[in-house]
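Take a look at the structure below.
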Amino acid sequence: MAFTLYQLDGCPYCEKVADRMDELDLDYETVWVEALHSERNEVKEVSGQRGVPVLVDDGRGVTMAESEKIVEYLNKSYA
């Protein structure tokens, strides 16, 4: 399984997702993004928007945003 989590330092929504991934013992790569929305081009290329968190699950071909949806997906898919 290959996961990439795009997150912003100090973002409580990002921390929520990272905490759940740690609880599920899922290995993931973190990509730290810029604080300014206008500079989050890598996130936009991957997800079509500049908000974080964004999770990319290469194993299942899934890319998603919004912490609640990501945690729900992780619970259904990996818990």
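The values are calculated or read from the model by the stated rules, or taken from the named source; none is laboratory data. Everything quoted here is computed from the prediction, not taken from an experiment. Cβ placement follows ideal geometry from the backbone for every residue including glycine, while neighbour counts extend to all protein chains displayed. Just the protein is used for accessible areas: all its heavy atoms, side chains included, with ligands, DNA and RNA removed. Shrake-Rupley method; radii C 1.70, N 1.55, O 1.52, S 1.80 Å.
Here is how the numbers come out for the structure above:
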| item | result |
| --- | --- |
| Condition met for Glu29 (touching a strand residue (DSSP E or B) at 6+ places or on another chain (Cβ under 7 Å) and of a type in the set (Asp, Glu)) | yes |
| Residue match in region 32-42 (condition: open to solvent by 50 Å² or more (accessible area, probe 1.4 Å), touching a Ser or Thr at 6+ places or on another chain (Cβ under 9 Å) and outside any helix (DSSP H, G or I)) | no |
| Candidates Val46, Val56, Val17, Val71, filtered to the one that is among the β-branched types (Val, Ile, Thr), surrounded by fewer than 18 Cβ atoms within 10 Å (Cβ to Cβ) and not in a loop (DSSP other than H, G, I, E, B) | Val46 |
| Boolean, Asp27 is modelled with pLDDT of 95 or more, in a helix (DSSP H, G or I), open to solvent by 50 Å² or more (accessible area, probe 1.4 Å) and charged (D, E, K, R) | no |
| Unmet requirement for Gly51, which otherwise passes all of (1) in a helix (DSSP H, G or I); (2) crowded, with 17+ Cβ neighbours inside 10 Å | (1) |
